[in-house]
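Working notes, structure below.
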Amino acid sequence: MTMPQGHLFVIDGTDGSGKATQTELLVARMQKEGYPVETISFPQYGKKSAGPVEIYLSGAYGAAQEVGPYRASILYAVDRYDASFQMHAWLAAGTHVIADRYVGSNMGHQGGKITDPLERKTFFDWELEIEHEFFGIPRPALNLVLFVPPEISLQLARERTTASGYKHTGDKDIHEENEDHIRAASEAYLDLTKHYDNFLLIPCTQEGRMKTREEIHELIWQTIQPYLAH
């Protein structure tokens, strides 16, 4: 009897949406319910495969717009390729995998650099082909796009900055420090949910206020449950 494959679920989304928190909550819930589960986070900071990504984010290769979406995407894809061997093994063994950011993160942040809708869609399609066809990394069952409107994301970022006493000392990467980028990436994430069936929008706000992390988790849990039934 062939062992059923595990499913890959991706927690992705806009800045300030609580991706790491929701990943932790989902993994804990699945473990409690008795599902075999592993987790992975991208980029794999500290690993050699993520070295070029870290250099890029430091600004050493130039501003994000100068590097461009296609060149930057290759750096991230190589890091995911490095992880894909372990991910394939987990999935083949019937273990579910929860990824904190994945290909969709690249499509959102790099796609935000492209303003023309047709050119952005061309980039999206190229990205999916290079990742899943050329590099052969696992395809997600679902990409859960946690969405916080950019004006709220920026306000949350300012509050974190004030609370931590942060000043512009190079602590943020070349994406986080650019408010225009945050707005553009938010738009690109919405585009993903319109173009591709396995990118599902998870609204993290209601009437201009953040939902609780428990409310967001319940939305995620309800969304993936049908996939866990088989």
Would you be able to say whether some residue in region 72-86 is of a type in the set (Asp, Glu) and more than 19 Å from the chain's Cα centre (by Cα)?
no
Residue 64 passes all but one of the listed conditions (1) under 19 Å from the mean Cα position of the chain (by Cα); (2) modelled with pLDDT of 95 or more; the exception is number (2)
Being in a helix (DSSP H, G or I) and more than 26 Å from residue 72 (Cα to Cα) is the filter here, so list the residues in region 10-33 that pass it.
21, 22, 24, 25, 26, 27, 28, 29, 30, 31, 32
Of (1) assigned to a helix (DSSP H, G or I); (2) at pLDDT below 95; (3) of a type in the set (D, E, K, R), residue 177 fails just (1)
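Here's the yes/no breakdown for (1) touching a helix residue (DSSP H, G or I) at 6+ places or on another chain (Cβ under 9 Å); (2) modelled with pLDDT under 95; (3) surrounded by 15 or more Cβ atoms within 10 Å (Cβ to Cβ); (4) among the basic types (Lys, Arg):
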residue	(1), (2), (3), (4)
129	no, no, no, no
153	yes, yes, yes, no
158	no, yes, no, yes
161	no, yes, no, no
164	no, yes, no, no
182	yes, yes, yes, no
194	no, no, no, yes
216	yes, no, yes, no
Note on residue 60: of the conditions (1) part of a loop (DSSP other than H, G, I, E, B); (2) of a type in the set (A, V, I, L, M); (3) within 19 Å of residue 185 (Cβ to Cβ), unmet is (3)
Total residues in region 34-46, condition part of a loop (DSSP other than H, G, I, E, B) and in contact (Cβ under 8 Å) with a residue 24 or more places away in the chain
5
Residue pairs qualifying under the 6 Å Cβ cut-off, at least six apart or on distinct chains, with the first in region 1-27 being in contact (Cβ under 8 Å) with a residue 12 or more places away in the chain and the second being part of a strand (DSSP E or B) and of a type in the set (Ser, Thr, Tyr), are 27/39
Taking region 1-21 and keeping only residues that are over 18 Å from residue 185 (Cβ atoms) and buried (at least 17 other Cβ atoms within 10 Å of the Cβ), one is left with 6, 7, 8, 9
State all residues of region 97-118 that are among the charged types (D, E, K, R) and either over 8 Å from the mean Cα position of the chain (by Cα) or assigned to a strand (DSSP E or B) (or both); if no residue qualifies, say none.
100, 113, 116
Quick one: in region 131-140, of everything that is surrounded by fewer than 19 Cβ atoms within 10 Å (Cβ to Cβ) and touching a helix residue (DSSP H, G or I) at 6+ places or on another chain (Cβ under 6 Å), which residue is nearest to residue 74 (Cα to Cα)?
135
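The values are calculated or read from the model by the stated rules, or taken from the named source; none is laboratory data. Source: prediction; values computed, not measured. Heads up, the Cβs are rebuilt from the backbone with ideal geometry, glycines too, and the neighbour counts pull from every protein chain shown.
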